[in-house]
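The values are calculated or read from the model by the stated rules, or taken from the named source; none is laboratory data. The structure presented is a predicted model; accordingly, all values stated were derived computationally and were not measured. FYI the Cβ positions are ideal-geometry reconstructions off the backbone, even for glycines, and counts take in every protein chain you see.
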Amino acid sequence: MSNDNLATWVRSFFEQHLVSQRGLSSHTVLAYRDSLKLFLEFACLRRRKSCTQLTLDDLKPDLVRGFLGHLESVRKNTVATRNARLAAIHAFFQYLASIDPRHMAQCQLILAVPFKRHARRVPQYLERQEVQKIFASIDTRRLLGQRDDALLRLLYNTGMRAQEVVDLNITHLRLTRPYHVLIHGKGRKQRTCPLWKETINSVKTYLERRGSEIADSSPLFVNIDGNRLTRFGVRYIVAHRVAAAAKLSPSLLTKNISPHSIRHTTALHLLQSNVDLSMIRSWLGHASIETTNTYVEIDLEMKRKTLKASEHLMPKRSNKGPSWSQQNDLLAWLSKL
């Protein structure tokens, strides 16, 4: 098998299939690129070839399994990361099977390499009083405080992902009634989410202090240099504000809160407010209702904890057995019924 074909297929997979045909976001394409790059680098080491010498015949199921083991044992990747890398490899060989059926058998063997099961952790979330303490700890007299207050309120109001909030421009918000925001989500999907008046007031205060016009198409949130805020910037702001609020709410010291934790918090608080699951799915932009159902399980766990904490209120059972157990003659006791 010519190595030119392998290079051509990889290039076609990224340029035509992922971008032109499936229309995946740049972040997803980059994640697939990183996975295949690591896989090909491992293949070069294992087969003792340069990348230009690799052929499709070198990419066997045993190599894929060896690569997955390498990720966990050497690179110390989590099971979730290992499965994400395998998903990218599967996607490539699914594409290859569709465009060149001659390699169907090899592709089927690689697609048969299974994902690894792992225990799902209960997502971190904030209690309502913890959310209030975080906002209470922000000094909104300063520009950065106003920015962070608006950012956190928007995250909590909408349950947006970090990338979704940094992609926002000012024009994506409707700052007059009915208040809402247009969100560009995963898979190039768009959704609108209503905004509370408190969120709108906070955003307006920040924009006015920044000197930005409502009709401006510039980034909604910027860093101290005036550039668009990044996902890492959002993560830093959340960590910084949670750490400051821990002085008022020590329970925050036991939690590792990220921007995605606020997304979980929004979903859970909507559920506890008796919002329908289908509405929560639309609110958060979930592709599957099964993802939204995760929050039902979290809520049930909270109910179990509440039940356990109130067990002392339950009347104790008497150790005294039924009256018939004290009868010497069971038949005589039954005859009295």
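Okay, here's what the table says:
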read-out	value
Helices (runs of 4 or more DSSP H) within the range 94-158 that include 2 or more residues free of Cβ contacts under 8 Å to residues at least 24 places away in the same chain	104-111, 128-136
Filtered residue count, the range 26-78, keeping only those that are closer than 14 Å to PHE92 by Cβ, in a helix (DSSP H, G or I) and among the aliphatic types (A, V, I, L, M)	9
Test: residue in the range 200-212 that is farther than 24 Å from SER261 by Cβ, part of a loop (DSSP other than H, G, I, E, B) and without any contact (Cβ under 8 Å) to a residue 60 or more places away in the chain	yes
Members of the range 176-191 found to be at pLDDT below 95, assigned to a loop (DSSP other than H, G, I, E, B) and surrounded by 16 or more Cβ atoms within 10 Å (Cβ to Cβ), listed by number	GLY185
Among (1) out of contact with any Ser or Thr (no Cβ under 6 Å at 6 or more places or on another chain); (2) buried (at least 21 other Cβ atoms within 10 Å of the Cβ) - the single one LEU144 does not satisfy	(2)
Flag for PRO259 being without any contact (Cβ under 8 Å) to a residue 40 or more places away in the chain, under 24 Å from ALA136 (Cβ atoms) and out of contact with any Cys (no Cβ under 6 Å at 6 or more places or on another chain)	no
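Table: residues versus (1) small (Gly, Ala, Ser); (2) under 33 Å from the mean Cα position of the chain (by Cα); (3) within 30 Å of GLN163 (Cβ to Cβ).
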| residue | (1), (2), (3) |
| --- | --- |
| THR8 | no, no, no |
| LEU18 | no, yes, yes |
| LEU38 | no, yes, yes |
| LYS76 | no, yes, yes |
| ILE99 | no, yes, no |
| ARG102 | no, no, no |
| LEU109 | no, yes, no |
